[in-house]
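The values are calculated or read from the model by the stated rules, or taken from the named source; none is laboratory data. Because the structure is predicted, anything quoted here is derived from the model rather than measured. Positions of Cβ are backbone-derived with ideal geometry, glycine not excepted, and every protein chain shown enters the neighbour counts.
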């Protein structure tokens, strides 16, 4: 039987269920640590980096430069996806997860030690950019490995649920990053926050890294990769194989996922800047709104992941994309009232739509690729979506606001991203009944993950 043929759903025996609990916990905590490291940078970019590392520029230009440094990691993430994907498909998922976690932790800790512009001049933003790129390399390899540890361990009828647990790392990491800045802002004066307080969340990451390493050391390699290793059928050049057999899945999968990056970054990056600089809310209030919406997202992600196991990945993701577009203008109408309950309601609406889209997408992307190149294909496709959706969003939205003076102008950007993602998703076929454990992972040249009649390849 091939990688792409349907399988019957079956329950997991008790020992598998126990193992899956351990994998789920490891997935959540590990990815939370990685995304905390990433989003503590995003929060600092919105709140302090324009003053600490780009003080000689106009506030708007300084903010754009800070977000530009934030966006630079997305190019590095694609390189990291290719690098870690290669070794993840050759040597195993677990080892690459450990390496990526250590790399991310070292870069984040180093940012906390970085001298500011007043101390070393232009070298401060240059070193900041370098460390940001290292963060991107690490995350480019981490996410795909974490998804596969969950999805390749999971029973066939629960892959969507367990894949969604990995996605919890994004809102959870964001919550911890924002909570750190919220507490520090309440504790310190604005002057102390800019002088040294912003460093604390970066330095504290070393504690989270230690916890993540301990947990990941105690989980086993995935059964799917073990089959490949035992049969000694690893692909010598996974990246070449991906672009030979799966290039359409990589491109379409990346575009289909683009709107998730746009929506989430509007909440955690642009929304902070807009709320503080244009609407007059304090930093603490806007950080609190982000915390509340992320907590709601954590609840909703497994719900939509489980629904995708019952109804299919595409119907749930399509509903999420359409909802993101429909919520775009109401979000800014609600924010522009400058009434806190309205702002919270708008954030919760968008976060619900995001969760419907983002919850099943990890499993959906994983199911598009064969076992022997799944780490590479999944990682590159997702990191492409980050470049298309997440990297550009803070820069484009800030520029739109400067040009129009209206936050609602950003709604058109959200709608455009959603429409593009929807078209790409509709060109891919359903995946939730596929067998993803085949060793040979043969894929016919007809690209059966596209919307054509599916013909199973021979085993």
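Quick one: residue 332 ticks every box in (1) surrounded by fewer than 24 Cβ atoms within 10 Å (Cβ to Cβ); (2) under 28 Å from residue 288 (Cβ atoms); (3) under 21 Å from the mean Cα position of the chain (by Cα) bar one, so which box is it?
That leaves (3) as the condition not met.
Take residue 42 and decide whether it is modelled with pLDDT of 85 or more and either within 25 Å of residue 294 (Cβ to Cβ) or assigned to a helix (DSSP H, G or I) (or both).
For residue 42, the condition - modelled with pLDDT of 85 or more and either within 25 Å of residue 294 (Cβ to Cβ) or assigned to a helix (DSSP H, G or I) (or both) - is not met.
Quick one: in segment 111-136, of everything that is assigned to a helix (DSSP H, G or I) and without any contact (Cβ under 8 Å) to a residue 24 or more places away in the chain, which residue is surrounded by the most Cβ atoms within 10 Å (Cβ to Cβ)?
127
Picking from 49, 70, 54, which residue would you name as being farther than 26 Å from residue 148 by Cα, more than 23 Å from the chain's Cα centre (by Cα) and modelled with pLDDT of 60 or more?
After ruling out the rest, the residue left standing is 54.
(1) under 16 Å from the mean Cα position of the chain (by Cα); (2) more than 16 Å from residue 251 (Cα to Cα): which one isn't true of residue 344, the others all being true?
Result: residue 344 fails condition (1) only.
Looking only at segment 264-290, filter to residues that are surrounded by fewer than 18 Cβ atoms within 10 Å (Cβ to Cβ) and assigned to a helix (DSSP H, G or I); which one of those is nearest to the chain's Cα centre (by Cα)?
Filtering segment 264-290 for residues that are surrounded by fewer than 18 Cβ atoms within 10 Å (Cβ to Cβ) and assigned to a helix (DSSP H, G or I), the one nearest to the chain's Cα centre (by Cα) comes out as 288.
What number goes with the only condition from (1) at pLDDT 90 or above; (2) touching a helix residue (DSSP H, G or I) at 6+ places or on another chain (Cβ under 7 Å); (3) under 21 Å from residue 84 (Cβ atoms) that residue 255 does not pass?
(3)
Quick one: which residue in 277, 249, 234 is under 28 Å from residue 426 (Cβ atoms) and in contact with a helix residue (DSSP H, G or I) (Cβ under 9 Å, 6 or more places away or on another chain)?
249
Does segment 180-190 include one or more residues that are more than 24 Å from the chain's Cα centre (by Cα) and not in a helix (DSSP H, G or I)?
Yes, segment 180-190 contains a residue that is more than 24 Å from the chain's Cα centre (by Cα) and not in a helix (DSSP H, G or I).
Output the residues belonging to segment 207-251 that are outside any helix (DSSP H, G or I) and exposed (fewer than 15 other Cβ atoms within 10 Å of the Cβ).
217, 218, 220, 232, 233, 236, 237
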